[in-house]
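Undergrad: Next up is a structure, given as structure tokens.
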Amino acid sequence: MPLVSSPNIHGQVTELNKTLRRAGVSFKGQRVLVTGGSGFLGSWICDVLVLQDAEVVCIDNFSSGHPSNIEHLRGKRNFNLIEHDITKPIELDGNFDLVMHLASRASPLEFASFPIQILKANTLGIWVALGIAKRHESRFLFTSTSEVYGNPTEGNVPTAENYNGNINPIGLRGCYDEAKRCGEAFVFAYHRQHGLDTRIARIFNTYGPRLRAGDTYGRVVSRFVSQALRSKSITIFGDGRQTRSFLYVTDQVEGLLRLAAFPNLTGQVINIGSEEEIRIIELAQLIKRLTESNSPITFLPLPVDDPVRRCPDISRAREYLKWSPSTKLDEGLKMTAEWFKGCSLN
Ligand code: UDP
């Protein structure tokens with residue numbers, strides 16, 4: 001069974017749109033380019049922009065994004081899909097008001113299999129996307145990551161934007177962490193040298209419907225939820241004492257669109273994530289309880305360089321975006337589980 005866009009998602013997009021409108025965030029009539037628009041976050045962003053009556057151009061090569069995430073948008077008059085690898089230059093007609101660069105594989109399980117593609121998407125890919133923004137004099141938003149902080153040293157969790165990171169450039173995660181750091185450097189180069197209006201979001205762990213669960217694509221929430229629903233072993237890497245903070249997808253998209261829309265944020269770098277830090281073992285137990293699953297819990301080796309703690313300081317997001325998360329973890333996990341019940345557990 002293919003992944004489907006369930007009514008559950010349509011309802012949530014509609015609610016999110018109302019929240020954004022109340023905050024004065026509207027892209028109506030704007031022309032927006034979304035690279036990675038068929039991915040987990042990209043497709044939610046396309047949904048909101050299309051609903052707001054923006055003209056959306058989505059570029060994707062479906063390397064990790066799933067075509068079914070945007071199937072329902074195909075054929076809409078204000079949605080255009082260009083199947084293209086953003087690491088290769090492309091000429092686009094018309095003017096863009098905003099370019100959002102999301103294209104990249106993001107799952108740690110892919111770091112061993114696709115390190116070159118990951119490096120290219122966040123270096124060559126961002127160079128191509130910035131070139132488009134420069135030609136069209138568009139605003140530019142880059143979805144960077146908490147991974148630019150690597151494994152924060154003691155005293156640096158919760159992590160604020162002025163922390164410079166603790167990263168192993170030649171480790172297995174280096175392809176992602178260093179590529180995103182290079183992407184940020186590219187953004188600032190265009191900001192300083194060409195005066196481009198740029199914004200960087202540092203995204204912390206985000207989950208929800210459309211987060212792929214299978215094989216190399218899988219992130220911890222989608223893997224645990226699909227394992228719990230199928231009564232399969234829940235696979236904890238290491239002893240499960242490592243922490244993460246999980247943000248529900250609509251909260252993330254709201255933060256990103258506020259950052260893209262608000263005036264006077266040029267050159268800003270802002271963490272967008274949840275402050276609710278939780279151990280991975282507690283996450284497994286919570287998911288088991290919420291899904292009423294009898295899955296056993298198994299312990300597998302911890303991947304190399306897996307960060308010990310991750311939690312953002314979101315003071316800047318509160319101040320500049322007037323934003324903070326609104327979905328509690330158990331509510332978000334229930335909505336995620338509902339969605340996974342209705343689609344193939346890929
Ligand atoms: N993890 C786990 N079991 C899994 C997948 C992930 O215990 O099946 C752990 C992983 O080692 C990490 C955390 O969950 O400590 C979050 O992993 P994820 O792949 O979602 O992303 P990360 O935060 O590491 O980028």
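The values are calculated or read from the model by the stated rules, or taken from the named source; none is laboratory data. These numbers come from a predicted model, not from an experiment. Here Cβ is always computed from backbone atoms with ideal geometry, including for glycine, and neighbour counts include all displayed protein chains. Please note that ligands, DNA and RNA were not included when accessible areas were found on the heavy atoms of the full protein model with its side chains. Shrake-Rupley method; radii C 1.70, N 1.55, O 1.52, S 1.80 Å.
Undergrad: So, restricting to helices (runs of 4 or more DSSP H) that lie completely within the stretch 246-346, which ones have at least 2 residues that are surrounded by fewer than 18 Cβ atoms within 10 Å (Cβ to Cβ) and more than 14 Å from the ligand (Cβ to nearest atom)?
TA: 280-290, 329-341
Undergrad: Shifting gears a bit: State all residues of the stretch 15-47 that are buried (at least 24 other Cβ atoms within 10 Å of the Cβ) and over 24 Å from Gly125 (Cα atoms); if no residue qualifies, say none.
TA: Across the stretch 15-47, there are no qualifying residues.
Undergrad: Looking at Leu119, Leu130, which is the one that is open to solvent by 20 Å² or more (accessible area, probe 1.4 Å) and part of a helix (DSSP H, G or I)?
TA: Matching residue, one of Leu119, Leu130: Leu119.
Undergrad: Right, something else. Name every residue in the stretch 198-213 that is near the ligand (Cβ under 10 Å from one of its atoms) and assigned to a strand (DSSP E or B), in order of residue number.
TA: Thr206, Tyr207 - these are the residues of the stretch 198-213 that are near the ligand (Cβ under 10 Å from one of its atoms) and assigned to a strand (DSSP E or B).
Undergrad: Any residue at all in the stretch 303-312 that is of a type in the set (A, V, I, L, M), touching a Leu at 6+ places or on another chain (Cβ under 6 Å) and over 25 Å from Gln12 (Cα atoms)?
TA: yes
Undergrad: Looking only at residues that are open to solvent by 10 Å² or more (accessible area, probe 1.4 Å) and over 21 Å from Gly255 (Cβ atoms) in the stretch 97-111, which one is farthest from the ligand (Cβ to nearest atom)?
TA: Arg105
Undergrad: Within the stretch 169-180, count every residue that is among the acidic types (Asp, Glu) and open to solvent by less than 30 Å² (accessible area, probe 1.4 Å).
TA: Here the count works out to 1.
Undergrad: Anything in the stretch 181-213 that is basic (Lys, Arg) and open to solvent by 10 Å² or more (accessible area, probe 1.4 Å)? List them, or say none.
TA: Selection gives Arg181, Arg192, Arg202, Arg212.
Undergrad: Search the stretch 121-140 for residues that are farther than 17 Å from Ala185 by Cα and pair each with any residue that is assigned to a helix (DSSP H, G or I) and among the β-branched types (Val, Ile, Thr) when their beta-carbon atoms are under 8 Å apart and the residues are at least 6 apart or on different chains.
TA: So the pair list comes out as Ser138/Ile132.
Undergrad: Return the pairs, sorted by first residue and then second, in which the second residue is open to solvent by 30 Å² or more (accessible area, probe 1.4 Å) and away from the ligand (no atom under 16 Å from the Cβ), the first residue lies in the stretch 96-112 and is of a type in the set (Asp, Glu), the beta carbons are less than 8 Å apart, and the residues are 6+ apart or on different chains.
TA: What qualifies is Asp97/Gln30; Asp97/Arg31; Asp97/Arg139.
Undergrad: Sticking with this one: With the structure loaded, tell me whether Ser64 is at pLDDT below 95, within 16 Å of the chain's Cα centre (by Cα) and not basic (Lys, Arg) or whether it fails that test.
TA: The answer is yes for Ser64.
Undergrad: Now for a different question. Of the residues that sit in the stretch 136-168 and are among the β-branched types (Val, Ile, Thr), assigned to a loop (DSSP other than H, G, I, E, B) and farther than 26 Å from Leu124 by Cα, which one is most open to solvent (accessible area, probe 1.4 Å)?
TA: Only one residue tops the list, namely Thr153.
Undergrad: While we're here: When the residues of the stretch 214-242 are filtered to those that are open to solvent by less than 10 Å² (accessible area, probe 1.4 Å) and closer than 23 Å to Val304 by Cβ, which remaining residue is nearest to the ligand (Cβ to nearest atom)?
TA: Ile236
Undergrad: Mind checking which pairs have a first residue in the stretch 215-236 that is in contact (Cβ under 8 Å) with a residue 12 or more places away in the chain and among the aliphatic types (A, V, I, L, M) and a second that is assigned to a loop (DSSP other than H, G, I, E, B) and more than 11 Å from the ligand (Cβ to nearest atom), Cβ under 6 Å, 6 or more apart or different chains?
TA: Cβ pairs passing all conditions: Ala228/Thr291; Ala228/Ser293; Ala228/Ser295; Leu229/Thr291; Ile234/Ser295.
Undergrad: Considering only residues that are outside any loop (DSSP other than H, G, I, E, B) and on the phi > 0 side of the Ramachandran plot, which ones fall in the stretch 214-245?
TA: Correct list: Asp215 only.
Undergrad: For residues that are touching a residue at least 24 places away in the same chain (Cβ under 8 Å), open to solvent by 40 Å² or more (accessible area, probe 1.4 Å), over 22 Å from Arg258 (Cβ atoms) and of a type in the set (D, E, K, R), tally how many sit in the stretch 48-82.
TA: Counting residues in the stretch 48-82 that are touching a residue at least 24 places away in the same chain (Cβ under 8 Å), open to solvent by 40 Å² or more (accessible area, probe 1.4 Å), over 22 Å from Arg258 (Cβ atoms) and of a type in the set (D, E, K, R) gives 2.
Undergrad: For the stretch 194-214, name all the residues that are over 23 Å from Leu119 (Cα atoms) and either without any contact (Cβ under 8 Å) to a residue 40 or more places away in the chain or β-branched (Val, Ile, Thr) (or both).
TA: Within the stretch 194-214, Gly195 is the sole residue that qualifies.
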